[in-house]
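Structure first, commentary second.
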Amino acid sequence: MSEPTTPLPTSDGGRSHFEFGPTDERVIAQLALRMRIVGSAMIVLGLIELRELLQADIASLLFSMPFLLVGYFTFRASGSFGSIVHMDNADISHLMAAMRSLHRVFTIAAGFIALLVVIVSLTLGFALYVGLT
């Protein structure tokens, strides 16, 4: 159970700032660390695959770019989550920055999955067509 949080008094026209409690901050710090690890690993995998591109074909580019982009935006989101823990008076701003980065991650992932579905469908369709003729 997390500690109750209270809005901090502000001088910005009555809008209050939300601050997470210590238990919530521990969870967010653990999430940020794990996201930093995953983001870094994705970037490394993308760079390895991109290196293969220089020796191979365009398919490597299609495979490496999602890794690089997902890794980059995951790493950025981890930084925003980390800022929630390490900085005061701007938890919501940092949370929303992290959410924007995560939105990009899942948009890229969904687009990549859609592209794979199209490629597999076209490949299967072509194979069926060739098999029937």
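The values are calculated or read from the model by the stated rules, or taken from the named source; none is laboratory data. As the structure is a computational prediction, the values presented were derived from the model and not from experiment. Here the Cβ is made from the backbone with ideal geometry for all residues, glycine too, and neighbour counts use every protein chain on show. The accessibility values were calculated without ligands, DNA or RNA, using every heavy atom of the protein model including side chains. Shrake-Rupley method; radii C 1.70, N 1.55, O 1.52, S 1.80 Å.
Observations, loosely collected:
- Residue satisfying all of: in the range 51-76; at pLDDT below 75 and among the aliphatic types (A, V, I, L, M); least open to solvent (accessible area, probe 1.4 Å) among these: L53
- The set of residues in the range 77-93 that are open to solvent by 40 Å² or more (accessible area, probe 1.4 Å) and assigned to a helix (DSSP H, G or I) comprises H86, I92, S93.
- Inter-residue pairs, beta-carbon under 7 Å, first part of a helix (DSSP H, G or I) and in the range 112-133, second not hydroxyl-bearing (S, T, Y), 6+ apart: F112/P66
- Take the conditions (1) open to solvent by 60 Å² or more (accessible area, probe 1.4 Å); (2) at pLDDT 85 or above; (3) farther than 19 Å from R100 by Cα; A41 misses just one of them, which is (1).
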